[in-house]
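See structure below.
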Amino acid sequence: PDVNESEANFTVSGDNIRFGLVAIKGIGRGFIHALEQERTLGGRFTSFYDFCRRMHGKELNRRALENLIRAGAFDTMGYKRRALITVYETVLDSINSDISKNIAGQMDLFSDFSQQEETSGDEIPIPDVQEFSKREKMSMEKEVTGLYLTGHPMDEYHDAIRQIGFFNMWHV
């Protein structure tokens, strides 16, 4: 899955099949429609923060965002899933805070300019952390999609199974 390319259902993308977003737990058709509409109007999402900011108020919730991360929907942007899991709540809180401040106005009648907090709109830095292991990523994928997307747990045993002749036993 990819927030910049996936649609509701499985689609062809070059030589690959792009995973349908509707198959990710917690992702509803209303959200998918809003995402597709936002991509059409505003273009591709340029960053994780850009995605969260633009999708705010369009059925994006914490569970849906976490499941998109776990499924690998931001992998093509170059982010590590562990980093996004670490920071996504902070990003959402920051966006909610900025929007609340904008709605309430930058300052009230009694505030002092020197005490005024600025709403920067700046992106929250994504931490440089060690990525989840391949097995952990596959486990997350299985949990939120029902499938292994980036591999299979038996892949690491493929060569060993071939060496002991297991596949030859089936060709009787």
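The values are calculated or read from the model by the stated rules, or taken from the named source; none is laboratory data. Everything numeric here is computed off the predicted structure, so don't read it as measured data. Cβ: placed from backbone, ideal geometry, glycine included. Neighbour counts: every protein chain shown. All accessible areas refer to the heavy atoms of the entire protein, side chains included, with ligands and DNA or RNA removed. Shrake-Rupley method; radii C 1.70, N 1.55, O 1.52, S 1.80 Å.
Descriptive notes on the structure:
- Positive-end residue, the stretch 15-98 charge dipole about Cα centroid, Cβ charges, pick of 40, 96, 64: 64
- Per-residue 3J(HN,Hα) values for the stretch 39-54, derived from phi via the Karplus relation 6.51 cos²θ - 1.76 cosθ + 1.60 with θ = phi - 60°, read 5, 5, 7, x, x, 4, 6, 8, 7, 4, 4, 4, 4, 4, 5, 6 Hz in sequence order (x marks Gly and Pro).
- Under 5 Å from the amide H of residue 18 lie the amide H atoms of 11, 12, 13, each residue being 5 or more positions distant or on a separate chain, with H modelled from the backbone and absent for Pro and chain starts.
- Share of carbon and sulfur in the accessible area of the stretch 9-55 stands at 51%, probe radius 1.4 Å.
- Protein heavy-atom accessible surface, 1.4 Å probe, per residue over the stretch 33-76: 47 Å².
- Ignoring aspartates and glutamates fewer than eight residues from residue 134 along the same chain, the ones with Cα atoms less than 17 angstrom from its Cα are 75, 143, 155, 156.
- Around the Cα centre of the stretch 1-107, unit charges on the Cβ atoms of Lys, Arg, Asp and Glu (plus for the first two, minus for the last two) sum to a dipole of about 240 debye.
- Stretchable slack from residue 56 to residue 163, in nm (0.36 nm times residue separation minus alpha-carbon distance): 33.3 nm
- Spin-label zone in the stretch 13-49 - amide nitrogen under 14 Å from a point set 7 Å from the Cα of residue 90 along the C-beta vector: 49
- Proximal lysines to residue 25, defined as alpha-carbon separation beneath 18 angstrom and excluding residues fewer than eight positions away on the same chain: 58, 137, 142
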